[in-house]
Every structure is written in C-alpha cells, then in structure tokens.
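Chemist: If you scroll down you'll find the structure; I have some questions about it.
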Amino acid sequence: GGSRSTRRKSTHAQGEHANSMQKDPGKAGTEVDWFSLIGVISLLCFAPFIVFYFVMACDQYQCSISQPLFELYSGETTLLSIWARSPSFTWSAAKIYAIWVGFQVFLYMCIPDVTNKFIPGYVGGVQDGARTPAGLINKYEINGLQCWLITHALWFANAHYFHWFSPTIIFDNWIPLMWCTNILGYAVSTFAFIKAYFFPTNSEDCKFTGNIFYNYMMGIEFNPRIGKWFDFKLFFNGRPGIVAWTLINLSYMAKQQELYGHITNSMILVNVLQAIYVLDFFWNEAWYLKTIDICHDHFGWYLGWGDCVWLPYLYTLQGLYLVYHPVQLSDAHALAVLLLGLVGYYIFRSTNHQKDLFRRTEGSCSIWGHKPTYIECSYQSADGGIHHSKLLTSGFWGVARHFNYTGDLMGSLAYCAACGFGHILPYFYIVYMTILLVHRCVRDEHRCSSKYGKDWKRYTDAVPYRLIPGMF
Ligand code: NDP
C-alpha cells in the first residue's frame, strides 16, 4: 500500500527545470534550434533502420557491417532485395511478445516485494523517488529483483523440465520480434504523448517546448502513470528490456550449443559479465530511482522506444555475433577480458556507492578509510529558497568527476573484447556507450554548473578531469 504521490511545494527544483519553471511553471517554453530539430527528426525516422541494419547484417552477411554497403555500392544487391530476404512480422512472434510483455506487467503489478525480508542489505518494497521539479515525491513499488528471479527460474525450469518451448525461441524469432518491439515502442511513445495533452498524471511536471517533434521525442510528462502504480519510466526502463537482456543472452548460448554442439568461453564471458550488470541494476533498483533517467528525463520516444527496441537489440549484439562466429578465446585473452570486466564493474559500483553513502549520511561516513573531503555548495530553487548541498572530492570522486562512467565504459569494453578482433560489429556497444556517457557527462555538468554557479567552478578546480585523469 501507500499513496501515490504527496503534493508539496517545490523546494528542490533544480538547474534547467528551476530556470524554466520561473518563467511559466509547468509549461517550460524551451526553444528548439534547427540543428536539434533535424537531429530529432532524423533519429525518429532512421533509428529503427539502424537497429534493423545491425541485425540484418548478422542474419544475411555473417555480421559484416561493411559487406552490405559494398554490395549495394557495386550493384550486386539492392535495398529491396535485402528487405525481401528479411523475415517479416509473424503472428507467432506477436503471440510470444504479447505473452512476454503481459507476463512482465503481471509481475510488476502483482508481485509484492518480500525479497528485502530475506536478503540482508537489499532495499525493496515501497520506496520514495527523488523530488520532481514541481515538488512531488512519487512512491514506487520496487520488486524488480524478485521479478527477474521468478522469470529466470521459469526459464530454467522450462529448459530442463517442462520443455514448453525451445530455449532458442528468442534467437529463432529475432527479426519478427523486432517488428513487435517497434510496434510497442512507437505505441507507448505515442500514447504517452497524447496522454500528456489530455490526461497528464501531474500537469505541473509537464515540459512543453514549442516543437511537436521535440516534445514527442524527449517527452512531455515527467512521470506518466496509469492508476496508482503503473509507472511508465520504471516499467519500461527495467522490465521488458533489462529482464529480457539476460534471457536473450541465454537464448544465444542455447543456439550456439544447438548449432555447434558446444558453448565457447567467449559466450560464457558475455553471459556472465552482462548478467552481473543486470543483476546489479535490479539489486540497486531503489538507488536507480535517484539517477538521471528517473530524476531529470521526461518520458517520450527516447525512453519508450529506446527501452523497447534499442536496448534489447543493440545491447545484446555481442551474444548475437557469437552465434555466427563461435570465437574460442585463448586462456590469457579470456582472463584479461574477465579482469577488465570485473575491475570496471568494481569501479562503477564503488563510485556510485560512495556518492550514495556520502549523500545519505551527509558526509558522516568513511571513504577509503578517511573522513570524506567535499565542497560546500548552495543553490536557489524555483520558489527563491536557498539550499545547501555538498560535492564529494575524495575517494573515486577525487580521481575524476564521473569515474562511475569510466568504470561503466571499462565493463562495456570487456563485453566487446570478449568477441575477439574479427569484426567491428560487436564493438558498436563501446562506441555507443562512449557517446552516450560523454554526452550525459556534458549535459549533467551543464545542469550542475547552472545549479551551483561559482561553487561548481570551485569543484571543477579541485577535480579537474571528467573521465580519465590527465586526459579528459
Ligand atoms: P551520477 O550518478 O554520476 O549523478 C550525477 C549527479 O550527482 C549530478 O547531477 C549531481 O547531482 C551529483 N553529483 C555530481 N558530482 C557529485 C559529487 N562530487 N558529489 C556528490 N554528488 C555529485 O549520474 P547518472 O545518474 O547518469 O548515472 C548513474 C549510473 O548509471 C552511472 O554509473 C552510469 O554509468 C550508469 N548509467 C548506465 C547507462 C546504461 O545505459 N548502461 C545509462 C546511464 C547511466 P545533484 O544535483 O544532486 O548535486
């Protein structure tokens, strides 16, 4: 139980939101420049084809991403013949996907979280989100870990005892399923867009720009919900995509076994390293409520379609590649990948943990065995109130301003390096994550700089680098 949201006067509106709210509360009149507009429209039209291109390259060209281009250039093939060779929508894929999403909605809505009673240190059950720009604190039912465990227990029970379906089912329907995920991705984004105009969950947290495409892409509503508990951001971010991530990898592993009679060490590495990341996500789902996605992004196509299509298809390219190229790594190579992945994960997790601990205890904690050092900051919220905050400058936060991203990038590189050096396709992930996290870094610093002003300058003087000390 627990009530959905407690309406409070804004005392914590921050940065860009705070600035825009002062002009016109709730309906921020942000202008969108031509450059951003062209970017937005191109992404809306072409992003599905980028995803299609990678998956098609594996299906038709053994994961070579240059071969289709060469053949198109030399006239050996045409776009139409590539399209004609691709599997299209099937009703059996639609049935699988509908059951999948329906099952995840059922788990999300109906499974009470009891895991926190059994596992020490795990935080589940009803939790508060961060305060929204309009001053609301939403309640969330955190049960992701439990849903992940139930889903995977059923997957293994099916594979070993029930045999209702083959564990290769995801791989076998991969392209028809892509049609289904796109239908859901666009439907959810369009629904969220219309909902924002006609029946928003909280109109004060809506952000309208003067441009309809930008609104559609970046989202208007902050925390759209249906009823008390069905939260779009939490559900779509975590459930159909991230729960599926590990199952998709397991399906690739089953396919390798079926095709070659054995599983390569590279496939095991990709499965294990990505499973650690996914499990970490669900273990820390309550912490996730305080990250940028939930605290600052609005829900539009960027999150809706991204979670349904981009994430499950492009974050799992390594496993897909290994089905077509069963790379067996030397022991030294495998060990190096494992170490890189584990060290990256350790940095990612400890950095996030240090900030969390520091903020929760307001600095009364120990970091690397010492009292933390920090910079005292102040900022003004939309209602004119002055507030105080602290920026940690010791532990990993003294090494670089976003060392958590550095750890994340090391882990991402490890997944790619597990696929050997035969093709570029499995390296898409590290290229994409670098762009995503550098962009996020710049966005976040822009926000922090307008929030904290000269205090932020003192912080950047104390910790001069963003990701890699001495370089960037
Ligand atoms: P952070 O957890 O780094 O949070 C940034 C915020 O922390 C800032 O806006 C500021 O907020 C506060 N802050 C900044 N510097 C300090 C400091 N020195 N001391 C205390 N607080 C500080 O960013 P994210 O939410 O983006 O990332 C969370 C994690 O999720 C990261 O590890 C990232 O790698 C991962 N991630 C993974 C993605 C994926 O697709 N795999 C995508 C995105 C993120 P305030 O206003 O409170 O001061």
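A short reminder: the numbers here are calculations on the coordinates, not readings from a lab. Note that the coordinates shown come from a computational prediction; the quantities given were computed from them, not determined experimentally. With ideal geometry, Cβ positions are generated from the backbone for all residues, glycine too; neighbour counts draw on all protein chains shown.
Chemist: Mind jotting down the distance between the C-alpha centroids of the stretch 302-371 and the stretch 115-177, whole Å?
Modeler: So the two Cα centres are separated by 18 Å.
Chemist: Determine the calculated [θ] at 222 nm for the chain from helices alone, applying -39500 (n - 2.57) to every DSSP H run no shorter than 4 residues and normalising by the residue count; nearest 500 deg cm²/dmol. Walk me through the numbers before you get to the answer.
Modeler: On the way: 23 runs with 278 residues, N = 472.
Helices in the chain give a 222 nm mean residue ellipticity of -18500 deg cm²/dmol.
Chemist: Follow-up. With a/c under 1.5 counting as rounded, go ahead and sort the stretch 127-213 into rounded, prolate or oblate using the C-alpha gyration tensor (a ≥ b ≥ c being the square roots of the eigenvalues; past the cut-off, prolate if a/b is larger than b/c, else oblate).
Modeler: Values: a/c = 4.44, a/b = 1.69, b/c = 2.63.
It comes out oblate by the Cα gyration axes.
Chemist: Quick test of the membrane-span-like rule: which DSSP H helices of the chain reach at least 30 Å along their long axis (C-alpha atoms) with mean Kyte hydropathy at least -1.0? Display every interim value, and only then the final one.
Modeler: Numbers: long enough: 34-61 (37 Å, 1.71); 174-198 (35 Å, 1.10); 331-360 (42 Å, 0.13); 428-452 (35 Å, 0.08).
Counting only whole DSSP H runs, the qualifying helices are 34-61, 174-198, 331-360, 428-452.
Chemist: Could you grab the relative contact order for the chain? Cα pairs under 8 Å, six or more apart, rounded to a whole percent. Could you put the intermediate results ahead of the total?
Modeler: Working: 699 pairs, mean separation 89.1, N = 472.
It comes to 19 percent, rounded to a whole number.
Chemist: Here is a further query. Have a look at LEU149, SER86, VAL126 and report the one farthest towards the positive end of the charge dipole of the stretch 27-150, computed about the Cα centre with Cβ charges (Lys/Arg +1, Asp/Glu -1).
Modeler: Farthest along the dipole direction, towards plus: VAL126.
Chemist: Just grab the label-to-label distance for GLU445 and PHE165, each label 7 Å out from Cα along the Cβ direction, in nm (one decimal).
Modeler: 4.5
Chemist: While we're on this one: Enumerate the calculated ³J(HN,Hα) couplings along the stretch 233-238 in order (Karplus 6.51 cos²θ - 1.76 cosθ + 1.60, θ = phi - 60°), each rounded to whole Hz, writing x wherever the residue is Gly or Pro.
Modeler: Coupling constants for the stretch 233-238: 5, 5, 5, 6, 4, x Hz.
Chemist: Follow-up question, since we're still on this one. Would you mind giving the three semi-axes, in whole Å and largest first, of the ellipsoid equivalent to the stretch 345-459 according to its Cα gyration tensor? Please list the in-between numbers first.
Modeler: On the way: eigenvalues 208, 69, 18 Å².
Semi-axis lengths for the stretch 345-459 are 32, 19, 9 Å.
Chemist: Please report, in debye to the nearest 20, how large the charge dipole of the stretch 311-398 is about its Cα centre when each Lys and Arg carries +1 at its beta carbon and each Asp and Glu carries -1 there. Let's see the in-between values first.
Modeler: Details: 6 positive and 5 negative charges, 29 e Å.
Value, rounded to 20: 140 debye.
Chemist: Would you mind calculating the gained length between LEU79 and VAL399 on full extension (0.36 nm times residue separation, minus the Cα-Cα distance), in nm to one decimal? Write out the running numbers ahead of the final one.
Modeler: Numbers: separation 320, 0.36 × 320 = 115.20 nm, distance 4.90 nm.
Gain in length upon complete extension: 110.3 nm.
Chemist: If you don't mind, there's one more thing I want to ask. With the crude spin-label approximation of a point 7 Å out along Cα→Cβ, what separation in nm comes out for THR373 versus PHE191?
Modeler: Placing both labels 7 Å beyond Cα along the Cβ direction yields 5.2 nm.
Chemist: Additional query: Which net charge results when you count Lys and Arg as +1 and Asp and Glu as -1 among the other residues whose beta-carbon is under 15 Å from that of PHE299?
Modeler: Values: positive: LYS195, LYS207, ARG225, LYS233, ARG239; negative: ASP205, GLU221, ASP231, ASP293, ASP297, ASP307.
My count for the surroundings of PHE299 gives -1.
Chemist: Let me ask you something else. Would you mind checking the stretch 275-311 for residues with the amide N under 17 Å from a putative spin-label position 7 Å along Cα→C-beta of ALA153?
Modeler: In the stretch 275-311, the label zone of ALA153 (backbone N under 17 Å from the point 7 Å along Cα→Cβ) covers 283.
Chemist: Separation between the ALA98 and ILE468 pseudo-spin-labels, each 7 Å from Cα along Cα→Cβ, expressed in nm?
Modeler: My value for the distance between the label points is 5.0 nm.
Chemist: Taking the Cα centre of the chain as origin, sum charge times position over the Cβ atoms of Lys and Arg (+1) and Asp and Glu (-1), and report the length of that vector in debye to the nearest 20.
Modeler: Numbers: 34 positive and 31 negative charges, 255 e Å.
Rounded to the nearest 20 debye, it is 1220 debye.
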